[in-house]
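All remarks here apply to the structure that follows.
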Amino acid sequence: MGSSLTATCTVSPERGLHANTMYWTLNGKRLPSSTYDLLSPNCLSVTLHHLNGSQQQSGDNLVCHSGDGHVLAGSCLYVGMPPEKPVNLTCWSRNTKDLSCKWTPGGRGETFIKTKYTLKYKLRWYGRERECEDYSTGQRYTCYIPRDLALFTPYEIWVEASNQLGTATSDVITLDILDVVTTDPPDNVHVSRVGELEDQLTVRWGSPPALKDFLFQAKYQIRYRLEDSTEWKVVDDVGNQTSCRLAGLRAGTVYFVQVRCNPVGIYGSRKAGIWSDWSHPSAASTPHSERLQSGSCEPKPGEQNSTLRRELKQFFGWVRKHAYGCSGMSIKLYDQWRVWLQKSHKTRNQDKRTARHVQLT
């Protein structure tokens, strides 16, 4: 690209053609006569300056014609750049059974001519060099190795790029399959209410079934959003448990919830795995708030503090009646009190409506 090229078309005198009647085309488009040079009665040249990249990977067609349009000669031009070193080579294994790798072309990426990328790999200390063969994953610059992979030994993996102008090789990465494992998303994700608590939901899920026989410690993440929102909130500190309670939610609201898994320490690996895809969304709604239904206004900050002090006083009074010792001070006990408190609100609201009905009567 950017260089100049001169092509020459010479015809036999026996053809009875004169060079000043001939002309040139590039990809079917006639080139201006200002680019021609009449070298002899039988020879016409054309010079192309500052060549752009080929418009098609099969090459650009430069053709010499007689005055009546017949093709006399031609050439296929490949105008482009040699490939640059591929970068960002990363690989992952789905449940230790296979290996997928992807990379990014170096530089600007576009060479303007057909460039072949080949993923190569071999065991680090022994074994022959092998080539990945399945590039039909639907994504560019990706290759899939479906089988015959060894565990507990590192691989060296790299990518070679080549075209008619040169070759380039990526940096070699070294990895153990067990260090790059990702799983299927957690299955059987269920979201349910926590009794009548209006601001909480419980999420439960199953461990990835393909890893049930493996020795590993899973990490999980949860994300959830409102039904009418696209913004997800992520819960990071789930650990390896397969249930979690979401708190501080809006009453009477539908939430969508997803879970994903990171397999840590498979067969003693010291590296974290790779996060799985998110599970399919599961949905549940929080109970409606009795206080919101009664038509009460949002309290002012001073009223909120007063309400908090009053509810704390109620809570500790209730604890003295229902709990014995420090062991009774648990989140379960607090939940029981919340249910009791909401029922008392409901009872008071019903009493008020009954009294108002009696007065009207």
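The values are calculated or read from the model by the stated rules, or taken from the named source; none is laboratory data. Since we're looking at a predicted model, the values are computed, not measured. A quick note on method: Cβ atoms are made from the backbone with ideal geometry, for glycine too, and the neighbour counts reach across all protein chains shown. Heavy atoms of the whole protein, side chains included, go into the accessibility calculation; ligands, DNA and RNA do not. Shrake-Rupley method; radii C 1.70, N 1.55, O 1.52, S 1.80 Å.
State all residues of the range 256-276 that are assigned to a loop (DSSP other than H, G, I, E, B), among the small types (Gly, Ala, Ser) and surrounded by fewer than 23 Cβ atoms within 10 Å (Cβ to Cβ); if no residue qualifies, say none. Spell out how you get there, then give the answer.
Within the range 256-276, the first condition is being assigned to a loop (DSSP other than H, G, I, E, B), and the residues that meet it are 265, 269-276.
Filter once more, keeping what is among the small types (Gly, Ala, Ser): 265, 269, 272-273, 276.
Within the range 256-276, Gly265, Ser269, Ala272 meet the criteria.
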Does the range 175-191 contain at least one residue that is among the charged types (D, E, K, R), open to solvent by 40 Å² or more (accessible area, probe 1.4 Å) and at pLDDT 90 or above?
no
Evaluate the following for Glu156: is it modelled with pLDDT of 90 or more, farther than 30 Å from Ser285 by Cβ and surrounded by fewer than 13 Cβ atoms within 10 Å (Cβ to Cβ)?
no
How many residues are modelled with pLDDT of 90 or more and farther than 30 Å from Ser45 by Cα when one looks only at the range 71-105?
19
So, in the range 173-206, exactly how many residues are in contact with a strand residue (DSSP E or B) (Cβ under 8 Å, 6 or more places away or on another chain) and farther than 30 Å from Tyr121 by Cβ?
16
Could you run through the range 79-106 and say how many residues are part of a loop (DSSP other than H, G, I, E, B) and crowded, with 18+ Cβ neighbours inside 10 Å?
7
Scan the range 224-237 residue by residue and report those that are surrounded by fewer than 18 Cβ atoms within 10 Å (Cβ to Cβ) and not acidic (Asp, Glu).
Arg225, Leu226, Ser229, Thr230, Trp232, Lys233, Val234, Val235
Of the numbered conditions (1) out of contact with any strand residue (DSSP E or B) (no Cβ under 9 Å at 6 or more places or on another chain); (2) farther than 23 Å from Gln164 by Cβ, His50 fails exactly one; give the number of that condition.
(2)
For the range 107-128 the number of residues that are touching a Cys at 6+ places or on another chain (Cβ under 7 Å) and open to solvent by 90 Å² or more (accessible area, probe 1.4 Å) is 0
Among the residues in the range 140-147, are any among the hydrophobic types (A, V, I, L, M, F, W, C) and open to solvent by 20 Å² or more (accessible area, probe 1.4 Å)?
no
Here the residues within the range 242-253 that are open to solvent by 50 Å² or more (accessible area, probe 1.4 Å) and either not polar (S, T, N, Q) or not in a loop (DSSP other than H, G, I, E, B) (or both) are Arg245, Ala247, Gly248, Arg250
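Residue by residue, here is whether (1) of a type in the set (Gly, Ala, Ser); (2) under 15 Å from Trp278 (Cβ atoms); (3) in contact (Cβ under 8 Å) with a residue 12 or more places away in the chain holds:
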site: Ile157; (1), (2), (3): no, no, yes
site: Thr183; (1), (2), (3): no, yes, yes
site: Gln200; (1), (2), (3): no, no, yes
site: Arg223; (1), (2), (3): no, yes, yes
site: Ser229; (1), (2), (3): yes, no, no
site: Gly239; (1), (2), (3): yes, no, yes
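Do the conditions hold for Leu151, that is, is it in contact (Cβ under 8 Å) with a residue 60 or more places away in the chain and either surrounded by fewer than 16 Cβ atoms within 10 Å (Cβ to Cβ) or more than 24 Å from the chain's Cα centre (by Cα) (or both)? Lay out the reasoning, then the answer.
Values: in contact (Cβ under 8 Å) with a residue 60 or more places away in the chain: yes; either surrounded by fewer than 16 Cβ atoms within 10 Å (Cβ to Cβ) or more than 24 Å from the chain's Cα centre (by Cα) (or both): yes.
Considered against the rule, which asks whether it is in contact (Cβ under 8 Å) with a residue 60 or more places away in the chain and either surrounded by fewer than 16 Cβ atoms within 10 Å (Cβ to Cβ) or more than 24 Å from the chain's Cα centre (by Cα) (or both), Leu151 comes out as yes.
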Among the numbered criteria (1) assigned to a loop (DSSP other than H, G, I, E, B); (2) at pLDDT 90 or above; (3) under 26 Å from Asn95 (Cβ atoms), which single criterion is violated by Gly239?
(2)
With respect to the numbered conditions (1) modelled with pLDDT of 90 or more; (2) outside the structural domain of Asn262 (by the TED database); (3) under 23 Å from the mean Cα position of the chain (by Cα), which one is the sole condition not fulfilled by Gly138?
(1)
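For the range 59-70, what are the residues that are in contact (Cβ under 8 Å) with a residue 40 or more places away in the chain and outside any strand (DSSP E or B)? Full working, then the answer.
As a first pass, look at the range 59-70 and keep what is in contact (Cβ under 8 Å) with a residue 40 or more places away in the chain: 59, 62, 64-67.
The answer is Gly59, Ser66, Gly67.
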